[in-house]
Amino acid sequence: MDLERISCCTYPVRDHDLDHTFRLLAGIGFQKADLWGGPPNYSNDPAECNIASLASKATAYSLRIANLGTYAGRRLLEDGEDAEWLEMSRAIDNAKALGARSIRVCPGRGEDPAIVPSLVPFFRRAAAYAASQGVYLGMENHMGSIAGNPAAVMRLVRAVDSPHFGILFEPANLMQCGVDCRAAYAAFRGWIVHVHVKDAHIRDGAYERTMLGEGVIDYAWVVGALEADGYAGDYALEYEIEKQTPIAEGLPLWLSRFRDLQPLTGTALAAPPRRP
């Protein structure tokens with residue numbers, strides 16, 4: 001796997017300043033960072049985050065920004081479109097300024113598919129603006145969100161109908177939701193705009209994160225399917241076991257294992273996908 005397509009999520013070092021974070025990632029060998037959406041990493045609020053300064057700091061460590069882990073859209077139903085549009089438009093503008101290909105967006109709150117019709121107009125507007133700025137919007141598969149329900153979230157994706165709006169594919173989160181990632185991939189196929197990589201298994205009925213390569217997620221299959229379908233986005237390593245193994249010790253192993261992964265060939269499904 002080309003290092004230029006591998007990034008690292010900053011969530012496990014979210015309480016550290018960017019000098020610490022960028023020094024760590026650059027020292028391990030990353031060329032890109034995925035910024036978690038909270039200070040001191042990143043914020044849509046200009047009072048909390050100076051974009052020019054952030055860009056300069058990334059350049060100083062020879063890093064590029066791959067994705068912004070914002071929460072734009074999360075409070076749409078509570079706060080209304082005007083308030084949430086400020087969050088969304090700032091996030092898109094900041095992504096463009098930083099050279100980030102994508103941002104994470106949230107399809108409101110809750111898992112009830114009945115909210116989908118209320119989300120469509122806002123996300124159509126957001127997708128049109130994102131397209132004008134060359135930015136992709138991805139909804140992360142996650143518990144507590146309709147994005148963890150492939151059928152429900154694809155109702156929204158198809159209704160918005162933009163190549164700049166789709167899925168942030170997260171196989172381990174799907175497993176936590178009780179969803180098989182291969183079945184989910186078939187539903188999401190052609191609409192995946194970003195990918196998170198972590199591993200996990202179910203032990204004694206409980207979901208547990210593991211070192212990459214020590215869980216049950218078949219990333220040789222995942223990457224093989226994505227690449228066969230023409231996926232052109234990034235793969236963000238999401239090291240969420242920092243309490244088990246210090247990140248400075250474990251993350252280099254993750255990068256090595258993913259970089260050396262041999263994607264399975266012949267994993268594409270029969271019909272051609274619709275691609276972002």
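Values quoted throughout were computed directly from the atomic coordinates according to the rules given, and no laboratory measurement underlies them. Since this is a predicted model, take the numbers as computed values, not measurements. Note: ideal-geometry Cβ built from the backbone for every residue, glycine included; neighbour counts use all protein chains shown.
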Most packed first (mean Cβ within 10 Å per residue), the peptides 139-149, 218-228 order as 139-149, 218-228
Answer in debye to the nearest 20: the dipole magnitude of the chain about its Cα centre, from +1 Lys/Arg and -1 Asp/Glu charges placed on Cβ, is 660
Ordered by fewest other Cβ atoms within 10 Å, a rough proxy for footprinting exposure, F258, F169 read F258, F169
Once normalised by the length of the stretch 3-259, the mean sequence separation of its alpha carbon contacts under 8 Å that are 6 or more apart gives a contact order in percent of 17
Output ordering of 66-73, 22-29, 121-128 (per-residue mean of other Cβ within 10 Å, highest first) is 66-73, 121-128, 22-29
With Rg from the Cα atoms and Rh as the Kirkwood inverse mean 1/r over Cα pairs, the chain has an Rg/Rh of 0.94
Taking H196, H20, H201 and counting other beta carbon atoms within 10 angstrom, the fewest-first order is H20, H201, H196
Ranked on Cβ counts within 10 Å of their own Cβ, fewest leading, M88, M175 go M175, M88
Using alpha carbon centers only, the stretch 200-240 is separated from the stretch 101-157 by a whole-angstrom value of 22
The simple spin-label model distance between L253 and T59, using points 7 Å out along Cα→Cβ, in nm, is 3.8
Once Lys and Arg are counted +1 and Asp and Glu -1 for all other residues with Cβ under 11 Å from that of N94, the total becomes -1
With +1 on the Cβ of every Lys and Arg and -1 on the Cβ of every Asp and Glu, the dipole magnitude of the stretch 134-235 about its Cα centre, in debye rounded to the nearest 20, is 300
